[in-house]
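Down below is the structure, laid out as structure tokens.
The values are calculated or read from the model by the stated rules, or taken from the named source; none is laboratory data. A quick note: this is a predicted structure, and the numbers were derived from the prediction, not measured. Here Cβ is always computed from backbone atoms with ideal geometry, including for glycine, and neighbour counts include all displayed protein chains.
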Amino acid sequence: MKHAMRRMGAALLIALLAAPMGARGGSVVLKKAWVEKYKNRATIEVKFTIDKSHKYPNSIKDDGDDGDLHMAGRAPLAGLPMVAEIMNAKGQPAALNLVKVKKGKEEGVRLVGAWRLWFEHPPNEEQEQFTTVLPPEDSNPPHVFEIHPISVIESHNIQGSFARIPGFRAYDAQTAFPYFENKKVIVQTTDSGVRLISTKAQYNYVEFRIELTQKPVKRADGYMVLAIVKDAEGNPAAPGPRRMVFVAGTEPADKVKTLEKGGKMRVLGIPRINLFEIAKIAKTAGPHGIERNLPYEMIIVGHFPEE
């Protein structure tokens, strides 16, 4: 059955790769135990070997000009090719210096931050969790796993980097959320693994408004809450409540924990796959797989004071 699953996954992946370039995607196999561990967590903590990194943070304008500093490397507890990103990096000189000092050193650094699975930079070949991960060739290798944003590097607390990006033009809600809502994923399972197959994803930082449909749920490493997504004019941008993820100790988390049902925020967020929903789909997917709308949630990385 495992071989049949692999053959089906390979056939589906070949079909994706035969599609037009903008629609191409990839495949990742996650361990079920890892999915269960992190499906209701905001963050992950790893020992990260920095193999490659940008010399300087990105410039700031729009799209990829977002002020982040990219690093690529390896982390046994993630078990996948990955990158890690410092948000608002120019404002974190101690962290930037540490990256320079530790780059290329096998002992690595302690990283804590929001885990992020997203098909923004998918590989041509399937990536299977906890198989051999080779050192990357550059700072942005094919990957579906990130720690983005980083909240702690070694002993440096950089939770203050979870903030608006001055001068940056984020995507608007009416552009990004209909796209997120229509993304598809194929979910297949074996006794120990969950395979996700999807096309390349667009849109990263999005500015939008939320209205809480419940009191925030406190987790060990942050808060999670269901909220209605709205655009700048207050119109719904998604058909139902979506889960919002807040990392403990950040300004957005400090704000949301004071709110009750009906509370409102204007926020900056980035999408990731909702593993809580993936785990539910996986229970009935089986080796032949199920196609569904890709379940997503938003990591809230900044908020705007009330105007």
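Out of all the residues in region 189-218, which are more than 21 Å from the chain's Cα centre (by Cα) and part of a loop (DSSP other than H, G, I, E, B)? Let's see the steps before the verdict.
Filtering region 189-218 down to residues more than 21 Å from the chain's Cα centre (by Cα) leaves 189-192, 211-215.
Answer for region 189-218, where residues must be more than 21 Å from the chain's Cα centre (by Cα) and part of a loop (DSSP other than H, G, I, E, B): THR190, ASP191, SER192, THR213, GLN214, LYS215.
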*Restricting region 97-128 to residues that are outside any strand (DSSP E or B) and basic (Lys, Arg), which is nearest to PHE145 (Cα to Cα)?*
LYS103
*Which residues, counting only those in region 271-307, are surrounded by 16 or more Cβ atoms within 10 Å (Cβ to Cβ) and of a type in the set (S, T, N, Q)?*
ASN274
*For region 50-66, indicate whether the set of residues that are surrounded by 22 or more Cβ atoms within 10 Å (Cβ to Cβ) and closer than 24 Å to MET244 by Cβ is non-empty.*
yes
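Being exposed (fewer than 14 other Cβ atoms within 10 Å of the Cβ), of a type in the set (A, V, I, L, M, F, W, C) and either without any contact (Cβ under 8 Å) to a residue 40 or more places away in the chain or over 20 Å from ASN204 (Cα atoms) (or both) is the requirement here; does ALA75 meet it? Break it down into steps so the answer makes sense when it comes.
On the way: exposed (fewer than 14 other Cβ atoms within 10 Å of the Cβ): no; of a type in the set (A, V, I, L, M, F, W, C): yes; either without any contact (Cβ under 8 Å) to a residue 40 or more places away in the chain or over 20 Å from ASN204 (Cα atoms) (or both): yes.
Taking the combined requirement at face value, the residue does not satisfy it.
Yes/no per residue for (1) in the same structural domain as PRO295 (by TED's automatic domain parsing); (2) in contact with a strand residue (DSSP E or B) (Cβ under 6 Å, 6 or more places away or on another chain); (3) not acidic (Asp, Glu):
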| residue | (1), (2), (3) |
| --- | --- |
| PRO141 | no, yes, yes |
| ILE150 | no, yes, yes |
| ASN182 | yes, no, yes |
| ILE197 | yes, yes, yes |
| VAL206 | yes, yes, yes |
| TYR223 | yes, yes, yes |
